[in-house]
Amino acid sequence: MNLLDPIVQASAGIRAIRRDIHAHPELRYEEHRTSELVAAKLAEWGIEVHRGLGGTGVVGVLRNGTGAKSIGLRADMDALPIQELNQFAHASTHSGKMHACGHDGHTAMLLGAAQYLARVRPFDGTVNFIFQPAEEGGAGARKMIEDGLFERFPCDAVFGMHNWPGFAVGQFGFAPGPMMASGNLFEIFVKGRGAHAAMPQQGIDPVFVAVQIVNGLQGIITRNKKPIDPAVLSVTIIKAGDANNVVPDEAYICGTVRTFDDKVTDLIEERMRRIAALTAEAHGATATVNFDRYYPPTVNHAAEAAFAADVAAELVGEANVVRAVEPTMGSEDFSFMLRARPGCYLWIGNGDGSHRAAGHGLGPCQLHNPSFDFNDELLPLGATYWVRLVEKFLAR
């Protein structure tokens, strides 16, 4: 790996920032301390600071030369509502809150790049450092865009990076197209008529109806959509009743739908509404569906993905670059930025968990796990990657 020496020399300070953020996690739209820290560091390094986008978002602007091109680099800042099991020195000090997805590391890597770029300025144009709130279910990217992100801070292309457990340190992953799936929440409310459980004929059993609806939903995946179109439909919650001898009035079904194509999502939603309504009607009940498309698919632009992969290959060697990773059914709100501007979302390997210090939890070092910890070896690597990306994109 061809790391930049000044970034390596500054890595202890960036590591301290990362661990400080990890020890003080903040949930979506509550990232006040984190945004204060980010803004203070950017200002200290002479970078123009703008606050308040998306509520707690921060944008740092660094200009150099006379070039008209601009690039956006995004890091997410929020934590998760998880009780951390780790007991090392930088473990969470906030009960029920934890950086279990590595956003502390993403923020630190981008700060490391900002520090170097502000000092050396090896580019011609404008770099927009985008520190985003509320990636974890809050659609902070969409909120920043609605607050005028790309109008106020034009970007010819925008890039985001996420640590990826299972990829070795030094590996990068890309995809020239779908990288992560859409995130869609569905709820089905079944209305029947309560009765004594010993005399079910006097009522309309919403539990029975709910079971038939759930069974019918699986036919959407196996019989309605094309087999070559990836999709997941998972029912994760069924609730009804409070007593063993009472047929309840209502039943509740909830779950998630994941796809890489909006047309497939359209099909699933349409069929879900029809199956729920007609199945309920067949049994004398009613059913209403709430279908919330909270994150669209994360789809990379081919040219930007190839460009970003080439930069990684120069940094770590072609053998350590996966140019067509297997997409994941997880979702990511960087998708909103990729719908607004050309760009690429990429993965940087977080290793197998052996980096964790004594005192880590017994669980695996996987995303959204209470034993997770970001690998600090990535800090100089990720920061160097951001710098090289800027240098190539905004070449003099």
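The values are calculated or read from the model by the stated rules, or taken from the named source; none is laboratory data. Just so you know, these numbers come straight off a predicted model, no measurement behind them. All Cβ positions, glycine included, derive from the backbone under ideal geometry; neighbour counts span all protein chains shown.
Restricting attention to segment 120-161, the residues that are part of a helix (DSSP H, G or I), more than 25 Å from Phe374 (Cβ to Cβ) and among the small types (Gly, Ala, Ser) total 0. Checked against (1) free of Cβ contacts under 8 Å to residues at least 24 places away in the same chain; (2) buried (at least 17 other Cβ atoms within 10 Å of the Cβ), Thr222 meets all criteria but (2).
Taken together, His94, His106 contain a single residue that is over 19 Å from Val387 (Cα atoms) and not polar (S, T, N, Q), which is His94.
When Val325 is tested against (1) part of a loop (DSSP other than H, G, I, E, B); (2) out of contact with any Phe, Trp or Tyr (no Cβ under 8 Å at 6 or more places or on another chain), just one condition goes unmet, and that condition is (2). In the set Ser70, Ser35, Ser95, only one residue is among the polar types (S, T, N, Q) and without any contact (Cβ under 8 Å) to a residue 24 or more places away in the chain; that residue is Ser95.
Residues in segment 219-263 that are assigned to a loop (DSSP other than H, G, I, E, B) and not hydrophobic (A, V, I, L, M, F, W, C): 12 in all.
Considering only segment 47-119, give the strands (runs of 3 or more DSSP E) lying wholly within it that have at least 1 residues that are surrounded by fewer than 20 Cβ atoms within 10 Å (Cβ to Cβ) and charged (D, E, K, R). Talk me through it step by step, then tell me what you get.
Working: elements: 48-53, 57-64, 70-76.
Counting at least 1 such residues, we get 48-53, 57-64.
Taking the stated definitions as given, is Arg274 in the same structural domain as Phe291 (by TED's automatic domain parsing) and more than 18 Å from Pro297 (Cα to Cα)? Walk me through how you get there before you give the answer.
On the way: in the same structural domain as Phe291 (by TED's automatic domain parsing): yes; more than 18 Å from Pro297 (Cα to Cα): yes.
Taking the combined requirement at face value, the residue satisfies it.
Kindly indicate whether Glu187 is more than 17 Å from the chain's Cα centre (by Cα), without any contact (Cβ under 8 Å) to a residue 60 or more places away in the chain and surrounded by fewer than 17 Cβ atoms within 10 Å (Cβ to Cβ).
Values: more than 17 Å from the chain's Cα centre (by Cα): yes; without any contact (Cβ under 8 Å) to a residue 60 or more places away in the chain: no; surrounded by fewer than 17 Cβ atoms within 10 Å (Cβ to Cβ): yes.
No.
Kindly indicate the residue of segment 356-392 that is touching a helix residue (DSSP H, G or I) at 6+ places or on another chain (Cβ under 9 Å) and part of a loop (DSSP other than H, G, I, E, B) and also surrounded by the fewest Cβ atoms within 10 Å (Cβ to Cβ) among those meeting that condition. Once the filter is applied, the top-ranked residue is Asp376.
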